[in-house]
Amino acid sequence: MKMICEASLAIAHGVRLCRPAVVPMYPITPQTHIVERLSDFINDGILDAEMIHVESEHSACSALVGSVAAGARTFTCTSSQGLALMYEILPIVSGMRQPAVMAVANRSLSAPINIWNDHSDALSARDQGWIQLWVESSQEALDTVIQAYKITENRDVLLPIMVNLDGFTLSHVWEPVDIPEQEDVDKFLPEFEPLYKLDTEKPLTFGPIGFPSDFMEFKYAQQEAFDKSMKVIKDVHDEFAKKFGRAYGDGIIEQYKMKDAEYAILGMGTLCGTAKTVADELREKGFKVGVLRLRTYRPFPNEELLKAVENLKGLAVIDRHISLGNEGPIVNEIKSLLFGKDLNLKVTGYIAGLGGRDIKLEHLRQVYEDLQKGKEGSWLF
C-alpha cells in the first residue's frame with residue numbers, strides 16, 4: 001500500500017506490522033504523533049496490543065523492562081528530556097539483555113527549553129548499551145523498525161535498539177511511503193520467542209546483584225554481543241532488501257558518489273539529504289565530492305569507515321551535538337579510528353544544526369570549499 005504520510009505515521013505502521021503486545025507510552029513532543037497513531041490502531045482493532053499509560057518516561061522504560069521480562073514483544077518511544085528521564089533504566093534494559101525497540105524523535109536537550117531537532121538526546125545516551133540506528137527518510141524509518149525487531153531478537157544479539165529520526169525535520173514531514181503487506185512482514189519477522197521469561201512454573205531471577213567477581217564478565221558478554229550484532233545488522237538489512245526491494249547502503253553506512261571522491265561530508269540523519277544535493281551540484285562542476293551517512297552509530301562501524309575513507313584527501317564530519325568541553329562526538333571517534341593509520345587524509349569537525357537551526361545548502365557548499373582549501377572546521381551558523 002502506498003500513501004503520503006509523515007514519518008511518525010510511517011513509524012506507527014512499521015510497529016503495527018511487527019505486532020507488539022505491549023506499548024508503554026508517555027507523550028513528549030515531537031514523538032507524540034507516533035503513539036497517538038498506535039492508540040488509533042489499538043482502538044480500531046487493527047493492532048492487538050495493550051497500551052500502558054504511565055506517569056513518566058522513567059515509568060515507560062520500567063514498564064518496558066517488565067513486559068519484555070514477561071515474554072512480550074514491546075515498543076516505546078520518546079524524545080529529549082524524556083530520554084534523559086529514562087537514563088536510569090536504559091542500562092538496565094541492555095544489561096538484562098532484553099530485546100526491545102524504541103523510536104527516538106531526536107530533539108535538543110534543555111536548557112534553554114527547545115523542542116526542535118538536534119542529536120543531543122540520543123548521542124548523550126550512546127554508552128548505555130543500546131544499538132543505535134539512524135534514518136534519513138520516512139520510508140527508511142518504517143523499514144528500520146521492522147529490521148530492528150529481527151536484529152534485537154536474534155539470539156546472538158539480544159540488545160535493545162533505538163531507531164533515531166530527526167524531530168520535526170522528519171517526524172512531521174510528509175513523504176511517499178510504501179507500507180508492506182502484513183503477510184509479507186510475518187514471513188520476514190517470526191513471532192517473538194523469548195530465550196528467558198518470567199514463569200511461575202520455572203522461576204528465574206532477573207537483574208540480580210553483580211559482585212566484583214562477576215560484573216566484568218557481564219559487560220564483556222554485552223561487548224561480544226555488540227561485536228556480533230554488526231554482521232546481524234548487515235544480514236537482516238540484506239534479507240529485507242531482497243524481500244522488499246529497498247536498501248540503505250550496506251545497512252551500516254551509506255556511500256553516495258564515493259567511488260572516486262577526493263572530499264566528503266560525513267553525518268547522520270536528514271542533513272545527509274542536503275549534503276547529497278550539494279554534492280550533485282559540485283559534481284556537475286567537476287569536483288570529486290561525496291557523502292558518507294552513518295546508519296549505525298552503535299556498534300561503531302570501524303572497518304567499514306576505514307575502507308570508505310582510504311582514498312580521500314579531506315573529510316568533514318558534521319555533528320548535531322557537542323560534547324561540551326571537547327568537540328563533536330562523531331568527529332572524536334573518527335579521529336580516534338584514524339590515529340596511527342597511514343592515510344593522507346585531513347579530518348575536520350563542524351558543529352551544526354543545534355536546537356533546530358537549519359543546515360542550509362550554502363553551509364555545506366562552504367564545508368566542501370573549506371575541505372579543498374585545507375581549512376579547519378568550525379561552528380556553522
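Filtering segment 200-223 to residues that are part of a loop (DSSP other than H, G, I, E, B) and surrounded by 11 or more Cβ atoms within 10 Å (Cβ to Cβ) leaves 206, 207, 210.
Taking the options 226, 168, name whichever one is in contact with a Pro (Cβ under 6 Å, 6 or more places away or on another chain), modelled with pLDDT of 95 or more and not in a loop (DSSP other than H, G, I, E, B).
226
Listed conditions (1) in contact with a Phe, Trp or Tyr (Cβ under 6 Å, 6 or more places away or on another chain); (2) part of a loop (DSSP other than H, G, I, E, B); (3) under 23 Å from residue 158 (Cα atoms) are all met by residue 72, apart from (1).
Each row is one residue, and each column tells you yes or no for (1) in a helix (DSSP H, G or I); (2) of a type outside the set (Asp, Glu); (3) modelled with pLDDT under 95.
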{"site": "300", "(1), (2), (3)": "no, yes, no"}
{"site": "318", "(1), (2), (3)": "no, yes, no"}
{"site": "325", "(1), (2), (3)": "no, yes, no"}
{"site": "349", "(1), (2), (3)": "no, yes, no"}
{"site": "370", "(1), (2), (3)": "yes, no, no"}
{"site": "376", "(1), (2), (3)": "no, no, yes"}
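If you check 11, 28 for being assigned by TED's automatic domain parsing to the domain that holds residue 118, touching a Gly at 6+ places or on another chain (Cβ under 9 Å) and closer than 15 Å to residue 102 by Cα, only one passes: 28. Is there a residue in segment 94-102 that is within 27 Å of residue 352 (Cα to Cα) and either under 15 Å from the mean Cα position of the chain (by Cα) or modelled with pLDDT under 95 (or both)? Scanning segment 94-102, I find at least one residue that is within 27 Å of residue 352 (Cα to Cα) and either under 15 Å from the mean Cα position of the chain (by Cα) or modelled with pLDDT under 95 (or both), so the answer is yes.
Answer with yes or no whether residue 79 is surrounded by fewer than 23 Cβ atoms within 10 Å (Cβ to Cβ) and polar (S, T, N, Q). No, not satisfied. No other residue among 143, 227, 238 is in contact with a Lys or Arg (Cβ under 9 Å, 6 or more places away or on another chain) and among the acidic types (Asp, Glu) apart from 143.
Could you tell me whether any residue of segment 249-262 is within 20 Å of residue 131 (Cβ to Cβ), surrounded by 19 or more Cβ atoms within 10 Å (Cβ to Cβ) and of a type in the set (Asp, Glu)? So far as segment 249-262 goes, yes, one or more of its residues are within 20 Å of residue 131 (Cβ to Cβ), surrounded by 19 or more Cβ atoms within 10 Å (Cβ to Cβ) and of a type in the set (Asp, Glu).
For segment 344-371, the set of residues classified as of a type in the set (Gly, Ala, Ser) and within 17 Å of residue 292 (Cα to Cα) consists of 349, 352, listed by residue number. Taking segment 11-46 as the range and being of a type outside the set (D, E, K, R), over 21 Å from the mean Cα position of the chain (by Cα) and either in a helix (DSSP H, G or I) or crowded, with 22+ Cβ neighbours inside 10 Å (or both) as the test, the residues that pass are 39, 41, 42, 43. Taken across segment 265-277, residues that are loosely packed, with under 13 Cβ neighbours inside 10 Å, outside any strand (DSSP E or B) and of a type outside the set (Val, Ile, Thr) do not occur at all. Taking the criterion of being crowded, with 23+ Cβ neighbours inside 10 Å, in contact with a strand residue (DSSP E or B) (Cβ under 8 Å, 6 or more places away or on another chain) and not hydrophobic (A, V, I, L, M, F, W, C), would at least one residue in segment 104-115 satisfy it? Yes; the residues of segment 104-115 include at least one that is crowded, with 23+ Cβ neighbours inside 10 Å, in contact with a strand residue (DSSP E or B) (Cβ under 8 Å, 6 or more places away or on another chain) and not hydrophobic (A, V, I, L, M, F, W, C). All conditions in (1) at pLDDT 95 or above; (2) of a type outside the set (D, E, K, R); (3) surrounded by fewer than 20 Cβ atoms within 10 Å (Cβ to Cβ) hold for residue 340, with the sole exception of (1).
Restricting segment 92-105 to residues that are out of contact with any helix residue (DSSP H, G or I) (no Cβ under 6 Å at 6 or more places or on another chain) and in a strand (DSSP E or B), which is farthest from residue 147 (Cα to Cα)? Only one residue tops the list, namely 105. Could you say which residue among 183, 175, 136, 153 is in the same structural domain as residue 234 (by TED's automatic domain parsing), closer than 23 Å to residue 24 by Cα and surrounded by fewer than 24 Cβ atoms within 10 Å (Cβ to Cβ)? None of the other options fit; the residue is 153.
The values are calculated or read from the model by the stated rules, or taken from the named source; none is laboratory data. The model shown is predicted, which means the values in this text are computed figures rather than measured ones. Cβ atoms come from the backbone with ideal geometry, glycine included; neighbour counts cover every protein chain shown.
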